[in-house]
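Just so it is clear, none of the values below were taken in a lab; they were calculated from the coordinates. Everything numeric here is computed off the predicted structure, so don't read it as measured data.
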Amino acid sequence: MTKPAKVRLRDVAPNRRRGGDIRVVLGPKTSAATTGFLGVLTLEPGEHVSEHYHPYSEEFLYVVSGHVSVAVDGETVPVSSGEGLLVPINARHRVVNAGDEPAQVVFHLCPLAPEPHLGHVDTEELPNPEAPHPEIVGA
C-alpha cells in the first residue's frame with residue numbers, strides 16, 4: 001500500500017526544456033504514485049510550452065493565477081484564473097501566456113503510459129532543448 005506523501009514545490013527541480021517552469025510535484029519519482037502525476041506550470045508573460053500530445057493520458061489544467069491560451073488540435077481556448085480545461089488523449093496542445101502577468105497552472109495527467117518514454121510526444125521544436133530534463137519516474 002502506498003503511504004501518504006507530501007512534497008514541496010520548491011524542492012522539485014524545474015524542467016524548462018519545453019518552455020516555462022514545469023515541476024512534477026506528485027508522481028512516481030517524488031511520491032511513488034502509480035496512476036498519474038500532478039505538477040505546477042509557471043509561465044512568465046510571452047512564454048509558452050511547446051506543442052505536444054499524450055498518447056495514453058488525459059491532461060487536466062487548472063489556472064490558479066493569470067490566464068493562458070491553450071491551442072488544442074488547432075482550436076484556441078482561453079483559460080483564466082479559476083477555470084479548468086480537459087485536454088483529451090492524443091490531442092495536440094500548446095500553452096501560451098499572452099498576458100502581462102505570470103500565470104500559474106496546476107496540471108494532472110492520468111493514466112500513466114506503459115513506459116515513461118511513450119507518455120509524451122513533442123510536435124514542435126523545444127524552446128530550451130539543452131536544459132536539464134528531470135525524470136518523472138525512477139528513484
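At-a-glance table
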read-out: Prolate/oblate/rounded call for the stretch 16-87, Cα gyration tensor, a/c under 1.5 rounded; value: prolate
read-out: Residues whose placed amide H lies under 5 Å from that of Ser57, excluding near-sequence neighbours; value: Asn90
read-out: GNM flexibility winner over the chain from Thr76, Thr30, Thr42 (Cα, springs under 10 Å); value: Thr76
read-out: Length gained when the stretch Arg92-Val77 is fully extended (0.36 nm per residue, less Cα-Cα span); value: 4.1 nm
read-out: Cα point-scatterer Debye curve for the chain, base-10 log of I(q)/I(0) at q = 0.12, 0.17 Å⁻¹; value: -0.44, -0.92
